[in-house]
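A.B. asks: One structure coming up, written as structure tokens, with questions to follow.
Values quoted throughout were computed directly from the atomic coordinates according to the rules given, and no laboratory measurement underlies them. Treat the numbers as computed from the prediction; the structure is a model and nothing was measured. Cβ placement follows ideal geometry from the backbone for every residue including glycine, while neighbour counts extend to all protein chains displayed.
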2 protein chains.
Amino acid sequence: MRETAVLTKPAKPDASATALYFRLFNEIGIIDQLASTRFERVLPHGLTQAQFTVLNHGVRMGDGWTPARLAAAFQVTKGTFTSTLQKLEAKGFVRVEPDPDDGRSKRVFLTEAGRAARDDALAAAGPVFAEIPSIVDPKEVDAILPVLSRLRAWLDENR
Amino acid sequence: MRETAVLTKPAKPDASATALYFRLFNEIGIIDQLASTRFERVLPHGLTQAQFTVLNHGVRMGDGWTPARLAAAFQVTKGTFTSTLQKLEAKGFVRVEPDPDDGRSKRVFLTEAGRAARDDALAAAGPVFAEIPSIVDPKEVDAILPVLSRLRAWLDENR
DNA sequence: ACGATATAGTTGGACATCGAACTAAAGGAG
DNA sequence: CTCCTTTAGTTCGATGTCCAACTATATCGT
């Protein structure tokens, strides 16, 4: 839950550096929540954002990764990812096979249906993003992304 | 769940504008998740981030708001906020009174314990943010915040 | 080669959140 | 005034997530 700007009483000024970063994370949190909700609403095949992310990753980065590696990549616990994977398997979008080289591991592969579902989702997502360039110019995004990436990378390494 | 940069296979280039915004929201999602986790870990009194946000808002914006107004400000459903409020009430951090002017409404006030808990939480949060200025300069945050605010405002209005 | 330690994956309990159904009170149209 | 619609708040079932405990397999030090 994040606060947004619905209320109108002026906040007391707080010039500390902490407050600045607090605001940054607050804006980021709200954007995440609003954008995620928007995105999930249009996803086809009853896909959750988590499930879509797995399919999208498989297409972009290739498949055959282990669940543990994917869970780390997606910042969720192994338990959470077990659940996500079971949902995707039940929908026929991924295939999970034992790792021939490591008895503890498995390997995750996309099915044709999974690739098709990912394409459907991307197509459905298009209109969701369509209006945004008129609000935030691509050049602004170019300027912002490196900073966010740096912040993300640091948080990722130091968690 | 968001993907991060743990995996090393190169992504196929995708020059469409959609991809750019996709990356933006992806970075934002990861940062939100990592920062939230970090923040929740240090919160005292068993506060959740949602609960802290209510206390913080009360201090910064004054108390006496209705649950409905607060739920809208925090982007959660009324049902969710009912639950959050009950937790805070059980901890003695807020007082909820009937609205004298509207039989349907209530009004939310902070208790002294609630204000103290908020201060505790802020103090605990300090170290969490302490290292970040060395990663992302405050000037960069100043540059980024207006853009994020604009994006947040638009998403908020057009949801 | 063995025992201690680390890693992969699953499971179960707890919890925050959502959406939908519901009650109660307020507001508006006739 | 009366009825219809809107708004405030609660409750309930489902879901996604986390954490901790657990099993099985792999790895490392001696």
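A.B. asks: Shortest first, in nm, what separates the label point of A:K106 from those of the same position in the other copies (7 Å along Cα→Cβ)?
C.D. replies: Label-point distances to the other copies, shortest first: 4.3 nm.
A.B. asks: So, one more: How far is A:R23 from itself in the other copies, in nm, if each label sits 7 Å out from Cα along the Cα-Cβ line, shortest first?
C.D. replies: Listed shortest first, these distances are 2.8 nm.
A.B. asks: Pull up all non-local amide H partners of A:V94: gap of 5 or more, or a different chain, and H-to-H distance under 5 Å with H placed in the peptide plane.
C.D. replies: Correct list: A:E89, A:T111.
A.B. asks: Place a +1 charge on the Cβ of each Lys and Arg in the protein assembly as shown and a -1 charge on the Cβ of each Asp and Glu, then give the dipole magnitude about the Cα centre in debye, rounded to the nearest 20.
C.D. replies: Charge dipole, the protein assembly as shown, about its Cα centre: 480 debye, nearest 20.
A.B. asks: Which links in A:K78/A:K106; A:K87/B:K78; A:K78/B:K91 stretch past 21 Å when you go from one Cα to the other?
C.D. replies: Where the Cα-Cα span goes over 21 Å, the pairs concerned are A:K87/B:K78; A:K78/B:K91.
A.B. asks: Hey, rough spin-label estimate for A:T82 and B:K87, points 7 angstrom out along Cα→Cβ, what's it come to in nanometres?
C.D. replies: Modelled inter-label distance: 2.5 nm.
A.B. asks: On to the next question. Take the alpha-carbon centre of segment B:85-112, take the same for segment B:139-159, and report the distance between them in whole Å.
C.D. replies: 31 Å
A.B. asks: How do B:I30, A:I132 rank when sorted from fewest to most other Cβ atoms within 10 Å of their own Cβ?
C.D. replies: Result, fewest neighbours first: A:I132, B:I30.
A.B. asks: Would you please name the trypsin sites (Lys or Arg not before Pro) within segment A:55-142 that are DSSP coil residues with at most 13 other C-beta atoms within 10 Å of their C-beta?
C.D. replies: Working: sites: A:R60, A:R69, A:K78, A:K87, A:K91, A:R95, A:R104, A:K106, A:R107, A:R115, A:R118, A:K139; in loops: A:K91, A:R104.
Sites meeting the loop and neighbour criteria: A:R104.
A.B. asks: Volume per residue, Å³, of the convex hull around the alpha-carbon atoms of segment B:96-139?
C.D. replies: In segment B:96-139, the Cα convex hull volume per residue is 126 Å³.
A.B. asks: Roughly what would the spin-label model give for B:E40 and A:V42, points 7 Å off Cα along C-beta, in nm?
C.D. replies: The two pseudo-label positions are separated by 2.8 nm.
A.B. asks: Fewest first, what order do A:T80, B:T53 take by the number of other Cβ atoms within 10 Å?
C.D. replies: Ranked by crowding around the Cβ, least crowded first: A:T80, B:T53.
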